[in-house]
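Report on the structure given below.
Readers should treat all values here as calculations from the given coordinates under stated rules, not as data from a laboratory. The shown structure was predicted, so the numbers you read here are calculated from the model rather than taken from an experiment. All Cβ positions, even for glycine, are placed from backbone atoms using ideal geometry, and neighbour counts span all protein chains on display.
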Ligand code: HEC
């Protein structure tokens with residue numbers, strides 16, 4: 001029976017790997033992000049931390065590309081590009097391979113889905 005041991009361990013490792021999650025958004029504890037995020041709490045802070053350092057009217061990227069994210073209205077206007085860069089391509093924020101923490105992404109997704117309230 002000893003020769004069954006190794007495969008059993010491998011299966012356990014594989015299952016354990018699945019149970020631990022692969023870090024996709026669907027597996028985030030929904031409680032990790034606010035249910036009804038607004039611009040002032042906490043969306044602006046998320047955007048400030050992860051985007052506005054480069055995407056601001058004060059920075060070359062924000063001014064030149066039309067992707068300044070200083071205000072709620074600016075983010076609303078760019079929502080399509082914002083979502084594509086952040087959720088689909090995961091090209092933003094740089095560097096390539098860096099992605100926002102899932103709770104921050106979930107916060108943004110909920111805010112977009114709920115009509116991007118600016119209060
Ligand atoms: C370290 C600087 C930096 C940060 C932080 C950053 N960006 Fe960018 N972003 C750039 C640069 C530079 C470009 C233009 C060149 C390019 O596309 O790589 C750009 C381009 C974009 C564009 C234009 C379309 C595209 O994909 O090129 C969007 C939309 C965008 N960024 C969204 C975001 C969002 C949303 C965040 C925060 C989650 C963010 N960026 C964080 C530097 C940054």
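Summary table below
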{"item": "Pairwise FRET efficiency - residue 96 versus residue 57, Cβ, R0 = 30 Å, nearest 0.05", "result": "0.70"}
{"item": "Full-extension gain in nm, residue 83 to residue 49, via 0.36 nm per residue minus C-alpha separation", "result": "10.6 nm"}
{"item": "Per-residue Cβ neighbour rank within 10 angstrom, fewest leading, 72, 51, 118", "result": "118, 72, 51"}
{"item": "Projected area averaged over orientations for the stretch 32-119, convex hull of C-alpha atoms, nm²", "result": "5.2 nm²"}
